[in-house]
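Enquirer: The structure under discussion is supplied below as C-alpha cells; questions concerning it will follow.
The values are calculated or read from the model by the stated rules, or taken from the named source; none is laboratory data. Keep in mind it's a predicted model, so treat the numbers as computed, not measured. Glycine also receives a Cβ, built like all others from the backbone with ideal geometry; neighbour counts cover every protein chain displayed. Accessible surface areas use protein heavy atoms only, side chains included; no ligands, DNA or RNA. Shrake-Rupley method; radii C 1.70, N 1.55, O 1.52, S 1.80 Å.
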Amino acid sequence: DKGCGSEPLLAVRAELGECTRCKLSSGRTHLVFGVGSPGAELMFVGEGPGADEDQQGEPFVGRAGQLLTKMIEAMGFRREEVYIANVVKCRPPENRNPEPDEIEACEPFLRAQIAAIRPRVLVALGKFAAQTLLRDPTPITRLRGGWREYEGVRLMPTFHPAYLLRSPGEKAKAWEDLKRVVKELGRTIPGR
Ligand code: URA
C-alpha cells in the first residue's frame, strides 16, 4: 500500500489486515486504506470507495476524485503531499450510503490513521465524514465553512466533490471553505 509508508501508519494497516469486521468486506475487490504522505499537514476524509476506487485500491480516483485532485492543486498542494482516506474502507454495494454498523466497525481505523498522521488541518468531505468525526448530526449545509476541532486538530467541513459534480452551483461555497484552509496553513493560493 502506498498510503502507509510510516511505522505508525503501517501498524494501523496491519491491524486492519484482511478485514471482515463488517458486511462490506464480502463485496470488495480491494480494501481502500488511504493514499498520500504519512507526514501530511493536510488530510482529506471522504465517505467510502466507489467502483473505480474498489477496482484500483486507491481513494478518489474516479470522477469525484478527479475533481478532488483539481481542488487540491488549486489550493497549491500536490496530491502526493496530502493524505486522503475515507470513513469506510470497502465499497458499499451500488454506491449506497454506508450504514451505521459499517461506519462503527471502520471508524476506529480512520481515527487511528488521523492519530498516526497528526495533520495540522482535516477537511471533512460531505456529511458522513463531518458527522462521523465530529459526532454531530447537524446537516452538512450548516456545518460547512465553519472551523471545528477534532482531537486537537482544526477541522473544516465542506461539500463532497460528488455532490459538487451534481450541484456545480455550490462549488463557490466549497472553494471559500478551502481558501480558509489554505490561509490557516499559512499559505497563499497560487497565482494570486
Ligand atoms: N468518494 C468518496 O467518498 N471516496 C472515494 O474514495 C471516492 C469517492
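Enquirer: Determine the pairs where a residue that is among the hydroxyl-bearing types (Ser, Thr, Tyr), located within the range 114-138, has a partner that is open to solvent by 10 Å² or more (accessible area, probe 1.4 Å) with Cβ atoms under 8 Å apart, the partner being 6 or more residues away or on another chain.
Expert: THR132/ILE103; THR132/GLU107; THR138/GLN131
Enquirer: Let me ask something else. Quick check on the range 46-77: of everything there that is open to solvent by 40 Å² or more (accessible area, probe 1.4 Å) and without any contact (Cβ under 8 Å) to a residue 12 or more places away in the chain, which residue is farthest from the ligand (Cβ to nearest atom)?
Expert: GLU73
Enquirer: Can you pull out the residues in the range 81-126 that are within 17 Å of PRO49 (Cβ to Cβ), open to solvent by 10 Å² or more (accessible area, probe 1.4 Å) and in a helix (DSSP H, G or I)?
Expert: Those that are within 17 Å of PRO49 (Cβ to Cβ), open to solvent by 10 Å² or more (accessible area, probe 1.4 Å) and in a helix (DSSP H, G or I): PRO93, GLU94, ASN95, ILE103, ALA105, CYS106, GLU107, PHE109.
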